Amino acid sequence: RKEVEQDPGPFNVPEGATVAFNCTYSNSASQSFFWYRQDCRKEPKLLMSVYSSGNEDGRFTAQLNRASQYISLLIRDSKLSDSATYLCVVNPSLNYGGSQGNLIFGKGTKLSVKP
Amino acid sequence: GAVVSQHPSWVICKSGTSVKIECRSLDFQATTMFWYRQFPKQSLMLMATSNEGSKATYEQGVEKDKFLINHASLTLSTLTVTSAHPEDSSFYICSAPLGGGDLGPQHFGDGTRLSIL
């Protein structure tokens, strides 16, 4: 099982649509979770952190289900400018065999918002 | 504005050339920085962790003699791709944690697109 799995898409939606992305992670001891967006041939930019209680930032809502090891991102009233690849990112446990503080990235879900 | 600066943005050079990429934290100190690589349509993969004042920690499968990392100060880490070959062509990105400790989000440089002919 891959460490962080996402539906690669692409998701092609009209402007104004609501779209949801899902992500699962394999390491149950993972500590923190994020959604980043990456535009074509650009660096990832932090969209939002994800908290157990769920959190919202404008049109974006992120949820975390630790029991199911599942993270989601909901985008309401999608805009053309939302077109990008959305990366599910996990910061693993401090006991993880890799480096402390490094991030594990999913492959990303591509979103294309059409007029 | 940018909190992590990376230079250069693009490099095109001949096979066998060594290429140096700089990553700077702007207005904050970073004792740790991370170097990632991303091949087309693939996810970002951690190459190594750069530690100020000590040796870098490399991920499995990454050759430390080929990818030299130097964290010379609290605001600068460099990655040198030695004797680069076409298979090293990739998008190299550095990151640094900004607050929140090791479990907080990281901020990325603009990335360096390396093309080896």
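The values are calculated or read from the model by the stated rules, or taken from the named source; none is laboratory data. Remember, predicted model here, so these are calculated numbers, not experimental data. Using ideal geometry, Cβ is built from the backbone for each residue, glycine included, and neighbour counts are taken over all protein chains shown. Heads up: the accessible areas ignore ligands, DNA and RNA and are worked out on the full protein's heavy atoms, side chains in. Shrake-Rupley method; radii C 1.70, N 1.55, O 1.52, S 1.80 Å.
If you roll a 1.4 angstrom probe over the protein chains with everything in place, what fraction of the accessible area of chain B belongs to carbon and sulfur, to the nearest %? In chain B, the share of accessible area belonging to carbon and sulfur is 51 percent.
The distance linking region B:1-69 with region A:1-80 is 26 Å (Cα centroid to Cα centroid, whole angstrom).
Starting from the Cα-Cα distance between B:LYS55 and B:SER5, subtract it from 0.36 nm times their residue separation and give me the gain in nm to one decimal. All intermediate terms of the calculation are to be shown ahead of the outcome.
Numbers: separation 50, 0.36 × 50 = 18.00 nm, distance 2.18 nm.
Between B:LYS55 and B:SER5, full extension yields an extra 15.8 nm.
Among B:LYS20, B:LYS55, A:LYS114, A:LYS79, the sequence by solvent-accessible area, most first, with a 1.4 Å probe is B:LYS55, B:LYS20, A:LYS114, A:LYS79. List the lysines whose alpha-carbon lies under 16 Å from that of A:LYS107, not counting same-chain residues fewer than 8 positions away? Filter leaves A:LYS2, A:LYS42, A:LYS45, B:LYS41.
So what is the accessible area of chain B per residue, in Å², with the probe set to 1.4 Å?
On the way: 5660 Å² over 117 residues.
In whole numbers, chain B has 48 Å² accessible per residue.
Annotation: lysines with alpha-carbon distance below 16 angstrom to B:LYS64 (same-chain offsets under eight excluded): B:LYS20, B:LYS55. Projecting label points 7 angstrom from Cα along Cα→Cβ for B:THR80 and B:ILE12 puts them 2.6 nm apart.
With an a/c value of 1.5 or above and a/b not larger than b/c for the gyration tensor axes a ≥ b ≥ c computed over the alpha-carbon atoms, region B:34-106 is described as oblate.
The accessible area of A:VAL4, taken with all protein chains in place and a 1.4 Å probe, comes to roughly 10 Å².
Which whole-number percent gives the relative contact order of chain A, counting Cα pairs below 8 Å spaced six or more residues apart?
Values: 285 pairs, mean separation 42.2, N = 115.
Result for chain A is 37 percent.
Spin-label model, A:ASP7 to A:ALA20: label points 7 Å out along the Cα-to-beta-carbon direction sit 0.9 nm apart. Our estimate of slack between A:ARG41 and A:ASN65, defined as 0.36 nm per intervening residue step minus the Cα-Cα distance, is 5.5 nm. Cysteines in the protein assembly as shown that lack a partner Cβ within the 4.7 Å cut-off: A:CYS40, B:CYS13.
With Cβ to Cβ distances under 12 Å as the rule, what net charge do the other residues near A:SER78 carry (K, R +1; D, E -1)? Each step should come with its number before you reach the end.
Values: positive: A:ARG59, A:ARG76, A:LYS79, A:LYS114; negative: A:GLU15, A:ASP77, A:ASP82.
Charge balance in the 12 Å sphere: +1.
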